[in-house]
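**Q** Take this structure first; my questions come after.
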Amino acid sequence: MTGGPQRARPDLVELILVRLPLRRPFTTSFGTETVKEAILVRASRDGAEGWGECVASAAPRYGSEWNGGAWIVLRDLLVPAALAGRPAGVKGHRMAAAALEAALIDLDLRARGESLASFLGGERDRVPVGVSLGLEERPEDLLDEAARFVAEGYRRIKLKIEPGRDAEVVRPVREAFPDVPLSVDANASYQPDDAAALAALDPFDLEYLEQPLAADRLLGHADLQAKLATPICLDETITSAAVAEEAIRLGACKIINVKLGRVGGPLEARRIHDMALGAGVPVWCGGMLETGIGRATNLALASLPGFTLPGDISGSERYFARDLTEPFVVAPDGTMAVPGGPGIGVSPIPELLDAAVVTRESVTAA
Ligand code: NPQ
Ligand code: MG
């Protein structure tokens, strides 16, 4: 989890907390977000730099990690270990560890002129993308949003659901778009005895039902899957290749959402991909409303051959009035280009970064 064996050490690591207003509030079963807050990790050596983005939030609502904790574990434990070239010996804190690993890999790859996609084993220079739509108070607002993204060519629409707001959320969208690939994401908000409400989604021909139950309910998901025609896709549950393998073996899911932050970095994400490909289980790249830094990393991951379903990798303008990098755009065919330049292939634009910064702190070797 702390990076590859012979990775060169940085001589300076900067932690940069940024805040970007969201263009539209994003509501899930765990709450409403109006601002994206992220920690960027900038690793440097001899004037060269590498970038990573921590996908934790301002509060631990999606999972147990949050930016306040990630900042401290990076500053006091993970970064000092990387600067000293020794293992950090830190359990968990995967989103923090992932951001540092991504920055260190980016630093190395830029130095040798190789793209992250090539390093990970990517085989495509464009990937199909989807969009995740939050819960809306007014059903017509959700229909308008769905219509807009379908018109823009997005290959899949994902709807957020929660107990009491499920079939009635899906029905109007399915009726308006009978042929569009649709999925739903419950963000762990259902209980095992809600199986009937979830089975009521079967007629809508969903690509998958994402994370209906709590993250630690492997058997609960297996029992639920046995009662549903809709494939279960796990997100919050999948924290490592080991958990992913056990979930597949138990029949707890038929599809896996891979988020490199949730699993501790690009290298563990690749392990999950390799295992799932071997097991014949489709994977796709999840999203956490990343800025252009995290989005570029996700695009590289999504270029691997097992990523056969569209990712939650939307255009910059879906989230932000102005991204921190050159904006990412979705082509009319619903694909996005995988950056081909060295490392993640993009950097923050200095003036835009400066305007978004809340705090920055430099850590150097002791
Ligand atoms: C998911 N992402 O698949 C997550 C959940 C999510 C695109 O649906 C700030 C930070 C806001 C992280 C909103 C999507 C977030 C967030 C939603 C993660 O479950
Ligand atoms: Mg999800």
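**Q** Among 359, 237, 83, which residue has its Cα furthest toward the positive end of the charge dipole of the chain, with +1 on Lys/Arg Cβ and -1 on Asp/Glu Cβ?
**A** Most positive-ward Cα: 83.
**Q** Mean separation of Cα pairs under 8 Å and 6+ residues apart, divided by the residue count of segment 214-265: what relative contact order is that in percent? Working shown, then result.
**A** Working: 65 pairs, mean separation 22.5, N = 52.
In percent, rounded to a whole number, it is 43.
**Q** Determine the percent antiparallel among the DSSP beta bridges restricted to segment 119-337, to the nearest 5. Each step should come with its number before you reach the end.
**A** On the way: 4 of 22 bridges.
The answer is about 20 percent antiparallel.
**Q** Which value in nm describes the separation of the simple spin-label points at residue 242 and residue 366, placed 7 Å from the Cα toward the beta carbon?
**A** Simple spin-label model gives 2.8 nm for this pair.
**Q** Continuing with this model, one more query. Which of 244, 151, 300 moves most in a GNM of the chain, Cα contacts under 10 Å?
**A** Greatest mean-square fluctuation among the candidates belongs to 151.
**Q** Kindly list the residues of segment 58-102 that lie in the label zone of residue 250, defined by a backbone N under 20 Å from the point 7 Å along the Cα-to-C-beta vector.
**A** What the label zone holds, given the 20 Å backbone N cut-off, is 63-64, 92.
**Q** Helix hunt in the chain: which complete DSSP H runs extend at least 30 Å axially by C-alpha with mean Kyte-Doolittle at least -0.5? Provide the component values of the computation, followed by the final result.
**A** Numbers: long enough: none.
Length and hydropathy pass: none found.
**Q** Also, I was wondering about something else. For segment 51-73 and segment 145-165, write down the distance between their C-alpha centroids in whole Å.
**A** So the two Cα centres are separated by 26 Å.
**Q** To the nearest 20 Debye, how big is the dipole of the chain about its Cα centre, given +1 on the beta carbon of each Lys and Arg and -1 on that of each Asp and Glu?
**A** The calculation lands at about 800 debye.
**Q** Also, I was wondering about something else. Tell me what the chain gives for mean residue ellipticity at 222 nm when only DSSP H runs of n ≥ 4 count, each as -39,500 (n - 2.57), the sum divided by the residue total, rounded to 500 deg cm²/dmol. Don't jump to the answer; show the numbers that get you there.
**A** Numbers: 13 runs with 119 residues, N = 366.
Calculated from helices alone, the mean residue ellipticity at 222 nm is -9000 deg cm²/dmol.
**Q** What is the gain in length, in nm to one decimal, between residue 354 and residue 11 on full extension, counting 0.36 nm per residue of separation less the C-alpha to C-alpha distance?
**A** On the way: separation 343, 0.36 × 343 = 123.48 nm, distance 2.25 nm.
That works out to 121.2 nm of additional length.
**Q** Here is a further query. Rounding to the nearest 20 debye, state how big the charge dipole of segment 119-337 is about its Cα centre with +1 on each Lys and Arg Cβ and -1 on each Asp and Glu Cβ. All intermediate terms of the calculation are to be shown ahead of the outcome.
**A** Values: 22 positive and 35 negative charges, 115 e Å.
The calculated dipole for segment 119-337 is roughly 560 debye.
**Q** Among 71-78, 197-204, how do they line up from the highest to the lowest mean number of other beta-carbon atoms within 10 Å?
**A** Values: 71-78: 18.6, 197-204: 16.8.
The peptides rank, most packed first, as 71-78, 197-204.
**Q** Have a look at the DSSP beta bridges in the chain and tell me what percent are antiparallel, nearest 5. Provide the component values of the computation, followed by the final result.
**A** Details: 32 of 52 bridges.
Taking every DSSP beta bridge with both residues in the chain, the antiparallel ones total about 60 percent.
**Q** Using θ = phi - 60° and the Karplus relation 6.51 cos²θ - 1.76 cosθ + 1.60, list the HN-Hα couplings for segment 325-337 in order, rounded to whole Hz, with x at every Gly or Pro.
**A** Calculated HN-Hα couplings, in order: 10, 4, x, 8, 10, 9, 6, x, 8, x, 10, 10, 6 Hz.
**Q** A further question follows. How far apart, in nm, are two points set 7 Å out from the Cα along the Cα-to-Cβ line at residue 322 and at residue 58?
**A** Distance between label points: 2.1 nm.
**Q** In whole Å, what are the extents of the chain along the principal axes defined by its C-alpha atoms, from largest to smallest?
**A** 59, 40, 36
**Q** By average Cβ neighbour count within 10 Å, what is the ranking of 267-279, 43-55 from highest down?
**A** On the way: 267-279: 19.5, 43-55: 21.9.
The most tightly packed comes first, giving 43-55, 267-279.
**Q** Something else now. What is the log10 of I(q)/I(0) for segment 178-313, computed with the Debye formula using one identical point scatterer on each Cα and no solvent, at q = 0.17, 0.21 Å⁻¹?
**A** -0.86, -1.26
Each value in this text was obtained by applying a stated rule to the coordinates, not by laboratory testing. Bear in mind that the values here come from a model prediction, so they are computed numbers and not experimental data. Methodologically, a virtual Cβ is constructed for each residue, glycine included, from the backbone with ideal geometry; neighbour enumeration extends over all protein chains shown.
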